[in-house]
Amino acid sequence: MKDTKCVFIPDHPKPLPIEIALTILANKDFSVPEVIRLLDWQDHPDHFVMVLECPSPCENLHQFMRRHGGRLGEGKARQVMRQVAYAANMCCLRGVLHRDIKLGNLLINSETSEVKLIDFGCGDILRSSAYRSYSGTAGYSPPEYHLRGEYHGRPATVWSLGILMFMMLCGHFPSDHDLLLLKQKCWSKPGLSTECCNLLSALLQDEPSQRFDLGLILSHTWFMDT
């Protein structure tokens, strides 16, 4: 485990592997049902073992979508997004940047549609200064990283949520043309509500300062529908 990044966190006298530390911090004070819980862990000379809760029945969101025709209806996508946006915001409020929110890192209970965010291995401690390296999945990385070589945690999280939402509704990554229309706030898709398309545009703005604030996402009118 000598090459594993370790960090100090409150109430732990020794530095912990980053994935373990972030999972603990994301559930600090009280567990968040939308975030996976660490039950125990063991340190070995060349690796560590994590014992995580195992919701049942569940599968990752990519598998769930594949079984349901490759994409989700607007109502189901809203149900998932409500939980993921809450989990992402709670992580940031607790000083955790997940940095790899994607279909494969979300578990969904196939009976109740409860969602849990997993796998903090690409994450970091959230800071106010810019990050200059990206450890998550390339397709979800924010455009400012490719343009300027740096990004800030919360706006980058908003972008990844936008990509996730697009993937759920459309079954594929947005094309350059999709992103252009979203930037111009004139993107639409048959069968999707105006509020849904408006939220996607608010999340997928090229300029970080123009994106919807992470803490305000759940106040968007799209979530007012049931």
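The values are calculated or read from the model by the stated rules, or taken from the named source; none is laboratory data. None of these values were measured; they are calculated from a predicted model. Cβ coordinates were reconstructed from backbone atoms using ideal geometry, including for glycine residues, and neighbour counts include every protein chain displayed. Remember, those area values only see protein heavy atoms, side chains included, never the ligands or the DNA or RNA. Shrake-Rupley method; radii C 1.70, N 1.55, O 1.52, S 1.80 Å.
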Practice prompt. Looking only at the stretch 125-138, decide whether some residue is in contact (Cβ under 8 Å) with a residue 60 or more places away in the chain, open to solvent by 10 Å² or more (accessible area, probe 1.4 Å), more than 13 Å from the chain's Cα centre (by Cα) and farther than 26 Å from ALA77 by Cβ.
Written response: yes
Across the stretch 190-216, the tally of residues that are out of contact with any Phe, Trp or Tyr (no Cβ under 8 Å at 6 or more places or on another chain) and in a helix (DSSP H, G or I) stands at 6
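Name every residue in the stretch 141-157 that is surrounded by fewer than 23 Cβ atoms within 10 Å (Cβ to Cβ) and outside any loop (DSSP other than H, G, I, E, B), in order of residue number.
Residues satisfying the conditions are PRO143, GLU144, TYR145, HIS146, LEU147, ARG148, ARG154, PRO155.
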If you go through ARG99, ARG78, ARG82, ARG71, the only one that is charged (D, E, K, R) and under 26 Å from ILE9 (Cα atoms) is ARG99
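Yes/no matrix, rows are residues, columns are (1) over 17 Å from MET65 (Cβ atoms); (2) basic (Lys, Arg):
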{"site": "ILE101", "(1), (2)": "no, no"}
{"site": "CYS122", "(1), (2)": "yes, no"}
{"site": "ARG132", "(1), (2)": "yes, yes"}
{"site": "LEU161", "(1), (2)": "no, no"}
Residues of the stretch 185-199 being in contact with a Lys or Arg (Cβ under 9 Å, 6 or more places away or on another chain) and either of a type in the set (A, V, I, L, M) or open to solvent by 80 Å² or more (accessible area, probe 1.4 Å) (or both), in sequence order, are ASN198
Filtering the stretch 52-67 down to residues that are closer than 16 Å to GLY104 by Cβ and part of a loop (DSSP other than H, G, I, E, B) yields PRO55
In the stretch 48-59, is there at least one residue being free of Cβ contacts under 8 Å to residues at least 60 places away in the same chain, within 26 Å of ALA202 (Cβ to Cβ) and either surrounded by 21 or more Cβ atoms within 10 Å (Cβ to Cβ) or over 11 Å from the mean Cα position of the chain (by Cα) (or both)? no
If you go through ARG78, ARG94, the only one that is open to solvent by less than 60 Å² (accessible area, probe 1.4 Å), under 19 Å from GLY153 (Cβ atoms) and either within 16 Å of the chain's Cα centre (by Cα) or at pLDDT 95 or above (or both) is ARG94
SER219: passes all of (1) of a type in the set (S, T, N, Q); (2) exposed (fewer than 12 other Cβ atoms within 10 Å of the Cβ); (3) within 30 Å of PHE8 (Cβ to Cβ) but (3)
message = Kindly evaluate ILE101 against the criterion of being part of a strand (DSSP E or B), in contact with a Phe, Trp or Tyr (Cβ under 8 Å, 6 or more places away or on another chain) and under 23 Å from LEU169 (Cα atoms).
response = no
Exactly one of LEU97, LEU103 is among the hydrophobic types (A, V, I, L, M, F, W, C) and over 19 Å from ILE24 (Cα atoms), and that residue is LEU103
Of (1) surrounded by 14 or more Cβ atoms within 10 Å (Cβ to Cβ); (2) at positive phi, SER113 fails just (1)
Counting only residues that are assigned to a loop (DSSP other than H, G, I, E, B) and of a type in the set (S, T, N, Q), the stretch 160-179 contains a total of 1
In this structure, does LEU182 turn out to be part of a helix (DSSP H, G or I), open to solvent by 40 Å² or more (accessible area, probe 1.4 Å), in contact with a helix residue (DSSP H, G or I) (Cβ under 7 Å, 6 or more places away or on another chain) and under 21 Å from LYS102 (Cβ atoms)?
no
